[in-house]
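Derivation of every value follows stated rules applied to the coordinates shown; laboratory data play no part. Source: prediction; values computed, not measured. Virtual Cβ from ideal backbone geometry, glycine too; neighbours counted across all protein chains shown.
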Amino acid sequence: MDASSAGPLPGQDATHPDGQYGSAAKWFHWITVGLMAIALPTGFVIKFITGEADGAYKMGFYAIHESAGLTILITALARIAWKWRHPPPPHPADLPPLMRMAATATHHGLYALLILQPVLGFFATNAWGFPLQGQTAYLGLIHLPKFMETSEGLATALSWAHTIGAYLFVVLLAAHIGAVVFHNAIRKDGTLLRML
Ligand code: HEM
């Protein structure tokens with residue numbers, strides 16, 4: 001993950017003279033991308049695994065989904081703490097105000113979901129009476145305590161919120177990836193290179 005050799009990119013300041021995100025910011029970003037590439041598809045697929053014969057297989061999907069999701073939460077918290085002390089490079093100076101606002105809103109929305117979505121999933125599993133223990137222990141090793149009593153009403157509400165969060169994620173990720181394509185294919189302003 002190294003900088004482009006084509007000289008400074010638009011959007012520099014004293015701590016980002018080349019316009020690039022710092023290397024820790026890049027690692028946080030791409031680790032999150034990898035984990036999301038696991039959590040999002042496994043989440044959508046689980047409900048289609050049915051039938052008794054597929055029970056163990058389904059538990060495997062739960063285990064992978066929940067561990068990836070919880071790791072996303074830990075990564076996001078660490079990333080926000082790190083970002084607090086290490087602000088990102090500024091937007092390119094010639095970026096129109098509307099695009100700045102759209103970019104900032106999308107980024108804030110994604111950060112909010114990186115925290116909210118795993119929290120909702122985590123408490124939903126607790127409320128259903130299936131905490132991260134046994135076959136779904138965190139990373140297959142760490143058996144987490146149960147944080148609440150089983151409650152079908154709460155579990156249903158949390159699961160609904162988790163589903164809504166999943167679709168919101170899809171919308172914001174489509175906007176985020178669409179913006180990357182727009183910046184690189186149409187504006188040709190090197191935005192993607194700032195994160196590579
Ligand atoms: C950023 C992290 C996460 C993402 C992006 C994510 C995404 C998803 C998606 C897309 C679904 C399918 C929604 C639907 O079709 O109704 C889902 C379902 C689910 N998620 Fe997550 N999730 C995350 C974190 C977690 C965590 C941390 C847990 C638990 C510890 C969890 C537990 C569940 C459960 C139990 C389901 C229901 C699966 C089923 O039986 O259909 N998720 N998640």
Inset, instruction - Filter the range 149-182 for residues that are surrounded by fewer than 13 Cβ atoms within 10 Å (Cβ to Cβ) and among the aromatic types (F, W, Y) and give the result. - result: W160, Y167
Legend entry - Counted residues, the range 69-94 - those being more than 18 Å from L132 (Cα to Cα) and without any contact (Cβ under 8 Å) to a residue 40 or more places away in the chain: 5
Legend entry - Every residue from the range 123-135 that is surrounded by fewer than 21 Cβ atoms within 10 Å (Cβ to Cβ) and either in a helix (DSSP H, G or I) or within 19 Å of the chain's Cα centre (by Cα) (or both): F123, A124, W128, G134, Q135
Legend entry - Residues of the range 136-146 that turn out to be surrounded by fewer than 16 Cβ atoms within 10 Å (Cβ to Cβ) and either under 24 Å from A166 (Cβ atoms) or in contact with a Pro (Cβ under 9 Å, 6 or more places away or on another chain) (or both), as a count: 5
Inset, instruction - Return the only residue of F147, F182, F169 being more than 8 Å from the ligand (Cβ to nearest atom), in a helix (DSSP H, G or I) and of a type outside the set (V, I, T). - result: F182
Inset, instruction - May I ask you to verify whether G60 is more than 20 Å from H143 (Cα to Cα) and in a helix (DSSP H, G or I)? - result: no
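Okay, residues lined up against (1) among the aliphatic types (A, V, I, L, M); (2) surrounded by 12 or more Cβ atoms within 10 Å (Cβ to Cβ):
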{"site": "L40", "(1), (2)": "yes, yes"}
{"site": "G43", "(1), (2)": "no, yes"}
{"site": "G51", "(1), (2)": "no, no"}
{"site": "L70", "(1), (2)": "yes, yes"}
{"site": "L73", "(1), (2)": "yes, yes"}
{"site": "P87", "(1), (2)": "no, yes"}
{"site": "D94", "(1), (2)": "no, no"}
{"site": "L98", "(1), (2)": "yes, no"}
{"site": "A103", "(1), (2)": "yes, yes"}
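To keep it simple, each residue is scored yes or no on (1) touching a Cys at 6+ places or on another chain (Cβ under 8 Å); (2) among the basic types (K, R); (3) without any contact (Cβ under 8 Å) to a residue 12 or more places away in the chain; (4) on the phi > 0 side of the Ramachandran plot.
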residue: F123; (1), (2), (3), (4): no, no, no, no
residue: P131; (1), (2), (3), (4): no, no, no, no
residue: G140; (1), (2), (3), (4): no, no, no, yes
residue: L144; (1), (2), (3), (4): no, no, no, no
residue: M148; (1), (2), (3), (4): no, no, no, no
residue: A157; (1), (2), (3), (4): no, no, yes, no
residue: V171; (1), (2), (3), (4): no, no, yes, no
residue: N184; (1), (2), (3), (4): no, no, yes, no
residue: T191; (1), (2), (3), (4): no, no, no, no
Legend entry - Looking only at the range 53-68, and only at residues there that are without any contact (Cβ under 8 Å) to a residue 24 or more places away in the chain and within 10 Å of the ligand (Cβ to nearest atom), the one that is surrounded by the fewest Cβ atoms within 10 Å (Cβ to Cβ): K58
